[in-house]
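In what follows, a structure is listed as C-alpha cells, so that the remarks can point back to it.
What follows is calculated from the coordinates using simple rules that are stated; it is not laboratory data. Being a predicted model, the structure only gives us computed values, none of them experimental. Backbone-built Cβ (ideal geometry, glycine too); neighbour counts: all protein chains shown.
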Amino acid sequence: MSVMKTHLWPEFIIERNDDRCIRCEVCVNQCSFEVHSFDATFNEVFAEDMNCVGCQRCQVFCPTHALTIRPNPTQPRPNANWRVEHLFDLKKQAESGGIVLTGMGNDKPISIYWDHLLLNASQVTNPSIDPLREPMELRTYLGRKPDRVMFHRDSELPGGPVVPVTQMTPLVPIETPIIFSAMSYGAISYNAQKSLMQAAAAFGTLANTGEGGWPREFRKFHDNVIVQVASGRFGVDLEYLNDAKIVEIKLGQGAKPGIGGHLPGEKVTADVSQTRMIPEGSDALSPAPQHDIYSIEDLGMLIHALKEATRYEKPISVKIAAVHNAPAIASGMVRAGADIIVLDGIRGGTGAAPKIIRDNVGIPIELALAQVDERLRKEGIRQQASLLVAGGFRNSGDVIKAIALGADAVYIGTAAFVAIGCTLCQKCYTGKCAWGITTNRPDLVKRLNPDQCTERLTNLLRAWSREIKEMLGGMGINSLESLRGNRLHLRAVGLNQWEMDALGVKGAGF
Amino acid sequence: MWDIGKKQNPYSDDKLHDACGIFAMMSRSGRTFAGDIPITAMENMHDRGNGLGGGFAAYGIYPDWPELFAFHLMFETKEAKAETEKYLHQHFSSMDGEEIPTRPHPGITSAPILFRYFLRPNHHLLEGLSEDDFVVQRVMHINLKIDGAFVFSSGRNMGVFKAVGHTEDVGRFFKLDEYEAYCWTAHSRFPTNTTAWWGGAHPFSVLDWTVVHNGEISSYGTNRNYLEMQGYFCTMHTDTEVIAYAMDLLARRHGLPIEMVCKVMAPPLWKDIDQMAQADRDLYTTLRVIYGPLLMNGPFSIVMAHQGEMVALGDRIRLRPLVAAERDDVIYIASEEAPIRLVEPTLDRVWIPKGGEPVIVRLDDAAMAKAHPEGRQVLK
C-alpha cells in the first residue's frame with residue numbers, strides 16, 4: 001500500500017506575532033500535539049498547523065500573548081447540504097476506513113430548551129427573599145423515600161411526645177443539587193479524578209467514579225463517592241461496592257446510547273490497568289449491553305444483587321441514556337427497585353465515542369426529564385426514586401430550570417472540566433490532552449495540580465449555589481424542595497405547542 | 001356541575017392571589033361566644049379585605065345534634081336543589097333540611113339558595129369506608145357532578161358561613177350574632193382579581209376541618225403535584241385549597257398530630273435540625289425528607305381548626321402578620337393586635353408567635369366530651 005497524501009487541510013491557523021515572540025519555547029513545551037518547534041539555527045519558532053486541535057493551551061500560556069489560534073478561514077464552495085464537517089469526515093474515512101471518533105458532548109444546534117425557558121420572580125403579592133439576609137436551603141436527600149410517616153405515641157393525650165417508627169430507607173444528603181458526573185479513571189487522569197473527589201468532599205456533594213474502578217488512595221473520600229457498575233465490570237469487587245455511598249448501574253450514556261464505554265489502549269497505563277483489572281495497553285471496550293441484563297426483570301435481579309452485597313445500606317442508582325421511551329423505561333426501573341434514576345441527555349459528554357452516534361442518537365435531556373417526572377407522578381411513584389439528570393448543563397440557570405422541571409439534582413462533567421482548563425477541543429480519545437485532564441501521560445497529568453483544581457471546582461460549586469439561592473429567593477422560595485417539579489415558575493418562549501406540552505409549561509405571557 | 005375552576009378562576013391563572021385579614025378565638029373550657037364578637041373584630045380590619053369575600057367557621061353551634069353531619073349548601077337553581085336532595089336521600093338515613101336563616105343586608109347581593117341538612121350516613125352503604133371518608137366522597141360528588149350545587153360545610157357540630165361581601169356584612173347577613181360557638185375563625189379576602197363567587201370565600205373546609213389563610217404559596221406547583229399523587233385534585237386553583245388538602249392528608253389520613261402537621265408545613269431549618277439531639281434530629285429529618293413536597297413556601301398566616309382543636313401558624317420566616325393573645329381560658333389570634341384589644345380590652349398576655357411555631361388551643365376533656373361525643377381523633 002502506497003503512502004496516501006491526505007486531502008485534509010488544517011482546521012486551525014496559528015498566527016505568531018514575531019514582534020512579541022521572545023523564543024521562550026513555552027508553546028513548544030506546552031503543545032502535546034507537536035505543533036510548535038524551535039529551530040535554534042534560525043532562531044525561529046515554526047508551527048505545523050495541520051496538527052493543531054485548537055485546545056488553546058499555547059495561547060493561554062504564551063507569556064507575551066504572541067499567539068492567536070483561530071479556525072481556518074479557508075472554505076470550499078459554500079453548500080447548505082455538504083458542510084465542511086461532512087467533507088472532513090468523508091475524507092478521514094476514505095483515508096482510514098474507520099469509524100470517526102470524537103470526544104465531549106454533541107456540538108450540534110439540536111434544540112437547547114434551557115434557552116427557551118424563563119424563570120419567574122415575585123412582585124408585590126409575595127416578597128422576594130434576600131439570601132444574604134435570610135436562610136436559603138439547598139440540601140437535598142437522594143434515594144427512595146417512604147410514602148408516609150408512621151408514629152408511635154407514648155401517651156394517648158394530644159400533645160404528648162411522638163416517635164416516628166417509619167423505617168427510613170438509605171438516603172444520601174447533598175448540600176447543593178450539583179454532582180460530578182461519572183468520569184472514569186483512565187478516561188480522565190489520576191489528578192483529575194482526585195480533584196473531583198476532593199472538591200465533592202469539601203463541598204458536601206458527590207463525585208462519580210465512572211466505570212474504571214476506584215484507585216485505593218481515593219477510598220478516603222468514601223462519603224462523597226458514587227461507584228459505577230457498568231457492562232465491563234472494571235474494578236468491581238465487594239469492597240468497591242461497600243466503600244461507596246451510592247452504587248450506580250450504568251446501562252447507557254447520553255453521548256453514545258446503545259454502545260458501551262471506549263477506552264483506547266493508549267490510555268491504559270500500568271496504574272490504569274491495575275485499577276481496572278485489565279492488561280496494560282489493551283483497549284477497554286465495554287460490551288454494548290450488560291450481558292446479564294436483557295430485560296427489566298434482569299435489571300431487578302442485578303439491583304437486588306447489589307442491595308444484598310451492600311446489606312441494603314446504600315441507594316442503588318440506575319443510569320440510562322435519554323431515549324424515545326424513557327418514561328416507560330424509568331417507570332419500570334423504579335418498580336424493579338432502583339432508588340435513583342439517572343437520565344443522560346443527547347448533549348452529555350464522553351471521553352471517546354463514534355461521532356455519528358454522539359451526534360444522532362438520543363433526545364434532549366429537558367424533554368426526557370419533563371416526561372419521566374410526569375410519568376412517575378401520574379403513576380404515584382415519584383417519591384420512590386430520586387431523579388438525576390445529566391447532559392450539557394452550562395450554568396446555574398440550566399440547573400435551576402431542571403429542578404423546576406422535576407429533577408432532584410444535576411450531574412455536571414463538561415462544566416467541571418472547563419473550570420479546570422478544558423476548552424472542548426474534543427480530542428479526549430487521543431490521550432494527549434494538553435490540559436492534563438483526559439490523558440495518562442505523566443508529563444501531562446502533572447500539569448493538573450489537584451489542590452488548585454479542587455479550589456477551582458469548589459469555587460464553581462459555591463458560585464452556582466449562590467446564584468441558585470438568588471434566583472430561588474427571587475421566586476419567593478427559601479428551600480429548594482419547594483421548587484422541585486414546580487413548573488408554574490417556568491414559562492416558554494419560541495417553542496411549538498407540542499414542545500410546551502412535552503415540557504409541561506405555559507408560554508410566556510400566559 | 002358548577003364549573004368550579006371557571007367560577008373561581010375565570011382567567012385560568014395558575015392560582016389565585018389573595019391577601020387578607022384573619023381573626024380567631026377559642027375557649028379551652030368550652031365557653032361559648034356569640035358571633036357579634038368576631039364580627040366586631042373583622043369590622044375593625046375592614047381595610048384588609050376588598051369586599052370580594054368573607055366568611056366564618058363556628059364550632060359547637062349545633063349542640064342538639066352533635067353526632068349528625070351538618071351540610072351547608074348553596075344552589076344556583078331549584079332544579080339543582082331537587083337533584084341534590086334526591087342524592088342526599090339515597091345516601092343518608094336521617095335527613096332534616098331547612099333554609100339557612102339570613103337577614104337582608106344591603107352589602108350582600110345575588111345570594112344563591114342557601115340550605116342546610118343534618119345527616120347520618122346510611123350505614124349499609126358504607127362498604128368498609130369510615131363515616132368520614134363516606135362523607136368526603138359524597139361532598140366531592142355533589143361539588144363536581146351536580147350542576148349548580150356546592151357544599152361549603154360538612155362537619156359535625158360546626159358550620160361554615162361565607163359569601164361575597166365584606167366580612168362583617170356576611171356575618172350579619174347570616175345572623176351569626178344568634179349563634180353560640182366555643183371557637184370562631186373568620187376571614188376577609190383581598191383577591192387580586194375580580195372574581196366574586198360565594199364558594200371561593202374562606203374558610204375552606206373538608207368535614208369539620210377548616211382553614212383560613214392569608215398569604216401566597218410559592219410552592220403551590222410542588223404541593224399540588226404531590227397532592228395529586230395522593231388523589232386530591234385542585235379544582236379551584238387557590239393556594240388555600242392545597243393547605244386544606246395537605247391538612248386532610250396528614251392529619252386525617254396519615255394520622256399526624258397537629259403539631260407535626262405544622263412542622264411539615266413550616267419545618268425547622270436544616271441548620272437547626274443539625275443541632276438537635278438525636279431523637280428530634282431523626283424526627284424532623286424524617287418529616288422533611290418524606291413530606292418535603294408539602295412544605296408551604298412563601299408568606300402565609302393560617303388558622304386551621306377541627307373538633308376541639310385550633311392551631312395558628314405563620315411561615316417560617318414570618319412574612320405575614322400573626323398576633324396571639326390570651327385572657328383566662330380564651331386564646332385570640334388575628335392579623336393585627338387592634339381587633340383583639342377591641343373585643344377584649346384586658347388581656348393577660350399578647351405575643352407575636354415565632355415563624356413556624358404553632359399556637360395550639362385544645363378543649364379540655366370535659367368540654368370535649370360535651371361538644372364532640374364521638375371523641376378525639378386517635379392515632380392509628
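List of remarks:
- Dividing the Cα radius of gyration of segment A:26-80 by its Kirkwood radius returns 1.07 for Rg/Rh.
- Averaging over all projection directions, the Cα-based convex hull of the protein assembly as shown occupies 43.5 nm² in the image plane.
- For a 4.7 Å threshold on C-beta separation, the list of partnerless cysteines in chain A reads A:Cys21, A:Cys24, A:Cys31, A:Cys52, A:Cys62, A:Cys422, A:Cys428, A:Cys433, A:Cys453.
- Proximal lysine pairs, segment A:333-480, alpha carbons under 23 Å, eight or more residues apart or interchain: 6
- Proportion of all alpha-carbon pairs of segment B:217-260 beyond 14 Å (%): 43
- Sum of -39500 (n - 2.57) over DSSP H runs of 4+, divided by residues of chain A (222 nm, nearest 500): -8500 deg cm²/dmol
- Sequence of B:Phe204, A:Phe218 once ranked by neighbouring C-beta atoms within 10 Å, starting from the fewest: A:Phe218, B:Phe204
- With all pairs of separate Cα atoms included, chain A yields a Kirkwood hydrodynamic radius of 24.5 Å.
- Here the Karplus curve 6.51 cos²θ - 1.76 cosθ + 1.60, taken at θ = phi - 60°, turns the phi angles of segment B:277-292 into couplings of 5, 3, 5, 5, 4, 5, 4, 6, 5, 4, 4, 5, 5, 7, 9, x Hz, with x standing for Gly and Pro.
- Two-site FRET efficiency, A:Asp115 against B:Asn122, from Cβ-Cβ distance with R₀ of 45 Å, rounded to 0.05: 0.15
- Per-residue shielding of B:255-264, expressed as the average number of other chain Cβ atoms within 10 Å of the residue Cβ, stands at 3.
- Across every pair of non-identical alpha carbons in chain B, the mean reciprocal distance, once inverted, gives a Kirkwood radius of 20.8 Å.
- Spin-label pair A:Asp237/A:Arg83, simplified geometry with 7 Å Cα→Cβ offset, distance in nm: 4.8
- Exposed loop sites here mean GluC sites (Glu not before Pro) with a DSSP loop assignment and at most 13 other beta-carbon atoms within 10 Å; chain A contains its longest site-free run at A:314-510.
- For the pair B:His46 and B:Leu144 in one chain, pulling the backbone fully straight at 0.36 nm per residue adds 32.0 nm over the alpha carbon distance.
- Top positive-direction residue, dipole computed over the protein assembly as shown with Cβ charges, set A:Leu480, B:Pro339, A:Gln426: A:Gln426
- Estimated FRET transfer efficiency (A:Asp443, A:Arg70; beta-carbon r; R0 35 Å; 0.05): 0.80
- Residues with amide H under 5 Å from that of A:Ala284, placed H, sequence gap 5 or more: A:Leu263, A:Gly265
- Computed E for B:Gln137/B:Arg103 - FRET, C-beta separation, R0 41 angstrom, nearest 0.05: 0.75
- Degrees separating the helix A:296-309 axis from the principal Cα axis of chain A, which is the longest one: 80
- Table column - 3J(HN,Hα) (Hz), segment B:246-256, Karplus curve with 6.51, -1.76, 1.60, x for Gly and Pro: 4, 5, 4, 4, 6, 7, 8, 7, 8, x, 6
- For the pair A:Val163 and A:Asp39, the difference between a 0.36 nm per residue extended length and the Cα-Cα distance amounts to 36.7 nm.
- Separation in nanometres of the label points that stand 7 Å from Cα toward Cβ, at A:His7 and B:Asp96: 9.9
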